[in-house]
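Contents: one structure, followed by commentary.
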Amino acid sequence: MGISAGKQWSVNLFLLLTITVSIGLIELLDRNQKSFIRDNLQTRAKEELSIVRAQLEAAIVSDIYVAHSLSTLISANPDLKFNNWDKLASGVKRKSKHIKIIGLAPDDVIQYIYPLEGNERALGLDYRTIPAQWKSIKKAQELQEIFIAGPVNLVQGGRALIARMPIFSDPPLNQRYWGVCSVVLDLDNLFVNAGVESFAYKYNLAIRGVDSTGSSGAIFYGEAKVFENAFSTQSVHFPYGSWSLAASTKSDLLDYVPWYRSEIARLIGYPTVLLLVLAFTTIFRLYSRANERSLHDELTGIPNRRYFMYTLEHQFESVAKQERDESFAILNIDLDKFKQINDQYGHAAGDKVLIACAERIKGVLRTSDVVSRIGGDEFLVLLPRISHVDDVDLINIEIQKALCHTPVIYDQHLIHIKVSVGYAMYKQQFATAEDMLKVADARMYQEKRRQLSC
């Protein structure tokens, strides 16, 4: 019976709706996937910024506290004469990573500086005569705490931070001011070692807080718009004051991952939908053809002769056209003395026997095998991908076990089944599929005669 126009329209509408819904789901998954990736990348970027902040803070604090040992030494010995100044200062500089210059200024007048070479003009300098520097020294004196000034541009090139360490001769009261220790830190080298430059290569980075003024201070690294578009802001804390760091993306965060990772939902989704549509279409077409040709046996539900011949001829032509060695086999199964079953128990019993035989044969076969009922008590089996007679024998044995070892029960009667089976293996000598059927049929009758003679 053919497929009606109404049913065909319903199937087409279902297919269209399925495709539409699938596209919507794929795009939703794609959006969620990209959002998930962006969130992960942003979280990772925040962690990287936090690492940079921690390394920056640790590096600065580490260097100034190495130099702070000088302040401690002087506080304990206010009248100390620095006869070995170069050795003492070089030891401090060696223990640090970013200190370029160390200066001591009793009463705010520089009397000791290291290295002296290139800084000779600084000796004897009175900070009070230089307002720009005196401001930070006065601030440190008032705070009685280390104060980080800058960044400032160096005459010899580059930028530096200046840590002002006020020294008192009566700690912890700090009533008698001795002078100040000034330490110049190489800012550019500090940024490289702390990971600022490598982070700025991937993201936009800005730092504000000139003279340790924090988020209210002027920007000395990056651009102001980074703070406006920042996905994260963090603070670098000093003994007094801080810097504020901000990071924003240079482009869409998805640009930082391989394209196939960001498009994974579409890469998987659309091919899957396409395959499903193709599979559905193929199955529906096969169903339509089978339905139109009425290819199934009404009693047993298995394919009839027409279906079997169509499949056999297709298999025969396919194997015949292929160059590689591929074979298949057919089995002809005939129920012995089936007429006696009908005569003794009735046609209802015979029908039950046929149904049971069909089910038992199907239970033994592979999913790719085909079993059909082609006559009253005769079955044909198509066995694709069978290359050896031994394999056919094994299947034959399993079929006979399934059919003959267990009787069919009908109205409390045990009906024992016996069968005769003939087979034919594909050979290039066969001109048509009918030739194979004739061989299988002949062997089946030969087996039937053999059993009768036993």
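Quick notes on this one:
- Crossing angle, helix 433-453 versus the chain [Cα axis fit, 0-90 degrees, rounded to tens]: 60
- Eligible aspartates and glutamates near Lys135 by straight Cα distance, threshold 19 Å, same-chain separation 8 or greater: Asp107, Asp108, Asp126, Glu145, Asp211
- Taking the C-alpha atoms only, the angle from helix 389-404 to the longest principal axis of the chain is near 70 degrees.
- Net charge dipole size for segment 1-122 [Lys, Arg +1 and Asp, Glu -1 on Cβ; Debye, nearest 20]: 480
- Rounded to 10°, Cα long-axis angle of helix 85-95 versus longest principal axis of the chain: 10
- Solvent exposure of the chain, expressed per residue, is 56 Å² of accessible area, with all protein chains present and a 1.4 angstrom probe.
- Average Cα contact separation per residue, segment 127-205, under 8 Å, 6 or more apart, as relative contact order %: 21
- D by Stokes-Einstein for segment 1-142, Kirkwood Rh over Cα pairs, 37 °C, 0.692 mPa s: 151 µm²/s.
- Rounded to whole Hz, the Karplus (6.51, -1.76, 1.60) HN-Hα couplings of segment 27-33, x for glycine and proline: 5, 5, 5, 4, 5, 5, 4
- Segment 85-151: C-alpha gyration tensor shape, a/c 1.5 cut-off, then a/b vs b/c: oblate
- Selection from Ser327, Val419, Ile207, by position along the positive dipole direction of the chain (Cβ): Ile207
- Shape analysis of segment 113-255 places it in the prolate category; the axes a ≥ b ≥ c from the Cα gyration tensor give an a/c of at least 1.5, with a/b above b/c.
- Kirkwood hydrodynamic radius (C-alpha pairs) into Stokes-Einstein, segment 47-129, 20 °C and 1.002 mPa s, D in µm²/s: 150
- The listed peptides 311-322, 113-124, ordered by packing as a protection proxy, come out as 311-322, 113-124 (highest mean of other Cβ atoms within 10 Å first).
- Sequence of Leu278, Leu452 when ordered by accessible area, the most exposed leading, probe 1.4 angstrom: Leu452, Leu278
- Rg over Rh for the chain works out to 1.49, both radii taken from alpha-carbon positions and Rh defined as the Kirkwood radius.
- Across Lys352/Lys448; Lys139/Lys202; Lys93/Lys250; Lys81/Lys139; Lys46/Lys97; Lys93/Lys138, pairs whose alpha-carbon gap is larger than 32 Å: Lys139/Lys202; Lys93/Lys250
- Fully extending the segment from His314 to Gln144, taken as 0.36 nm per residue of separation minus the present Cα-Cα distance, adds 51.3 nm.
- Here the dipole of segment 81-137 is about 380 debye; that uses its Cα centre as origin and unit charges on the Cβ of Lys and Arg (positive) and Asp and Glu (negative).
- In summary, the lysines within cross-link reach of Lys427, defined as a Cα separation below 21 angstrom excluding same-chain residues under 8 places away, comprise Lys321, Lys438.
- Calculated P(r) of segment 299-454 - Cα pairs past 29 Å, %: 17
- Positive-end ranking of Ser372, Pro239, Pro258 along the dipole of the chain, with charges on Cβ about the Cα centre, is headed by Pro239.
- Each residue of segment 131-139 was assigned a 3J(HN,Hα) from its phi angle through the Karplus curve 6.51 cos²θ - 1.76 cosθ + 1.60 (θ = phi - 60°); the sequence is x, 4, 8, 4, 4, 6, 5, 4, 4 Hz, with glycine and proline shown as x.
- In this Cβ point-charge picture (+1 for Lys and Arg, -1 for Asp and Glu), the chain has a dipole of about 380 debye about its Cα centre.
- Pairwise Cα distances in segment 213-335 exceed 21 Å for 72 percent of all pairs.
- For segment 47-94, convex hull volume per residue from C-alpha positions, Å³: 55
- Taking only protein heavy atoms and a 1.4 Å probe, the accessible area of the chain is 53% carbon and sulfur.
- Straight-line cross-link partners of Lys95 among the lysines, defined as a Cα under 21 Å from its Cα and at least 8 positions apart when in the same chain: Lys87.
The values are calculated or read from the model by the stated rules, or taken from the named source; none is laboratory data. Note that this is a predicted model, so its numbers are computed, not measured. Positions of Cβ are generated from backbone atoms using ideal geometry, with glycine treated the same way; all protein chains shown enter the neighbour counts. With ligands, DNA and RNA removed, areas are computed over all heavy atoms of the protein, side chains included. Shrake-Rupley method; radii C 1.70, N 1.55, O 1.52, S 1.80 Å.
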